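The values are calculated or read from the model by the stated rules, or taken from the named source; none is laboratory data. Keep in mind the model is a prediction, meaning the values are calculated, not measured. Using ideal geometry, Cβ is built from the backbone for each residue, glycine included, and neighbour counts are taken over all protein chains shown. Accessible surface is based on the protein model in full, side chains and every heavy atom, while ligands, DNA and RNA are left aside. Shrake-Rupley method; radii C 1.70, N 1.55, O 1.52, S 1.80 Å.
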Amino acid sequence: VYASPESLYLAVLEPTWGPWKVNDPHKVGTRIHKFDIDGAPAHPTYEASGRVDGWVLTSFSMDEEDRQFRLATTRETGDDRIPVNAVYVMMQVDQELMVVGQTEDIAPDVDIFAVRFMGDVGYVVTFHRVEFIDPLFTVDLSDPTNPTVKGELKVPGYSTYLHPMGEDHLLAVGEDTDDAGWVTGVQFSLFDVADLEDPQVQEQISIDNDWAASEAVVDHHAFQYYEPLDLFAVPLTYEKSMGEGDIEFAGLQLYEVTVEDGFTLIGEMDATPLIDPHVDASYSHLCSQIRRTVIIEDKVFGVASGGIVAAPADAPTHTLSLLAFPDAGNCDDPWSWTMGMQWW
């Protein structure tokens, strides 16, 4: 689902099974249905439908600008199921959403990991599973009939969420990888995209711990950038060894981030006191990990499955208050948070 102030769009993947299945699995597409919600009507009003090849990754893969609907998709081709990526621009003509422009074959044989549209520019992150690099593509959408890839930046690892910082920078979260493609830690990036033909990495921070994890990598709701104070907060947990429950840290890292100076670590908020002693140690990091962050004035609040921690934004190591919940919630089902992840 994607919504602008005027329109609501539903992206429906064509089924590969059942009575309405697509006969050729290599030609699976996505059907787009547009509804009018301008002026807060009593209910959405159906306007038009259309179709494109492939499927979308998340709602960030879709966008509306000047009544133009833009989306990035991935489809598979050939018996080897090689992924091919594309960006489409659609416009409404009567009750049909028609493709008026497209750029296909973006980074063939790789998968899309993140997309963001900002005005007349689209940003697409892919990850090459052989070279283990993260190409960030810039797509010029100023001419809707001729979307064009303008630049490409290759960096190790991959980004899974892109957040705008002004008009010329992107703040990203993802994971770093080694030469063999193994994840080596959580990674934060600041990209300078002022020149579409030559995007640059301004700075990267890697938490080089094989067992480091952050929910912000798989769910953008765990990502927090508070522009009034230039604060970037990210939940983080890491163990000394996988599955043994020997937690080195479970909490929140807080950074000051600006386009002039990049990342400056302010400190860490510790949530390990929230670990339920009755929970299997192998799952304790899931029960204590801060999952959401709230910044109110000069205070930062970390919300975990096991409770809430409050601290000053300029000194997160100094706990002002800690509230432990009597019920740890999803600790009874420690893998429930992984249901939305992509494993392929």
Revision key, fill the gap. P135 vs (1) open to solvent by 40 Å² or more (accessible area, probe 1.4 Å); (2) outside any loop (DSSP other than H, G, I, E, B); (3) free of Cβ contacts under 8 Å to residues at least 60 places away in the same chain: all pass except (1)
Check your understanding: What are the residues in the range 146-193 that are over 12 Å from R116 (Cβ atoms), aliphatic (A, V, I, L, M) and in contact (Cβ under 8 Å) with a residue 60 or more places away in the chain, if any?
Key -> V173, L190
Study note, to complete from the structure: Taking the range 158-206 and keeping residues among the charged types (D, E, K, R) and more than 17 Å from V217 (Cα to Cα) leaves E167, D168, D178, D179, D192, D195, E197, D198, E203
Check your understanding: From the list H169, H163, which one is open to solvent by 10 Å² or more (accessible area, probe 1.4 Å) and within 13 Å of the chain's Cα centre (by Cα)?
Key -> H163
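Residues of the range 141-160 being open to solvent by less than 40 Å² (accessible area, probe 1.4 Å) and farther than 22 Å from F188 by Cα, which ones?
L141, P144, P147
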Study note, to complete from the structure: Residue count, the range 139-149, condition touching a Pro at 6+ places or on another chain (Cβ under 9 Å) and not in a loop (DSSP other than H, G, I, E, B), comes to 2
**Study point:** Selection count, the range 157-171, where residues are part of a strand (DSSP E or B) and over 14 Å from E203 (Cβ atoms)
**Key:** 6
Revision key, fill the gap. L153: passes all of (1) in contact with a Phe, Trp or Tyr (Cβ under 8 Å, 6 or more places away or on another chain); (2) outside any strand (DSSP E or B) but (2)
Exercise for review: Go through the range 172-181 and count every residue that is open to solvent by 50 Å² or more (accessible area, probe 1.4 Å) and either assigned to a strand (DSSP E or B) or not hydrophobic (A, V, I, L, M, F, W, C) (or both).
Suggested key: 2
Exercise for review: Find the residue count for the range 182-232, including only residues that are charged (D, E, K, R), open to solvent by 60 Å² or more (accessible area, probe 1.4 Å) and either modelled with pLDDT of 90 or more or under 17 Å from the mean Cα position of the chain (by Cα) (or both).
Suggested key: 4
Practice item. Considering only residues that are polar (S, T, N, Q) and at pLDDT 80 or above, look in the range 306-344 and name the one that is surrounded by the most Cβ atoms within 10 Å (Cβ to Cβ). Key: T319
Review point. Within the range 93-106, restricting attention to residues that are open to solvent by 30 Å² or more (accessible area, probe 1.4 Å) and over 18 Å from F137 (Cβ atoms), which residue is farthest from the chain's Cα centre (by Cα)?
Key: D94
Review point. Would you call T30 polar (S, T, N, Q) and in contact with a helix residue (DSSP H, G or I) (Cβ under 6 Å, 6 or more places away or on another chain)?
Key: no
Review point. Taking the range 65-92, which residues are open to solvent by less than 60 Å² (accessible area, probe 1.4 Å), closer than 22 Å to S4 by Cα and among the polar types (S, T, N, Q)?
Key: Q68, T73
Point to revise | Filtered residue count, the range 182-209, keeping only those that are in a loop (DSSP other than H, G, I, E, B) and among the acidic types (D, E) | key: 4
Practice item. Would you list the strands (runs of 3 or more DSSP E) that sit entirely within the range 7-114 and hold 1 or more residues that are aromatic (F, W, Y)? Key: 7-13, 29-36, 45-53, 68-77, 82-93
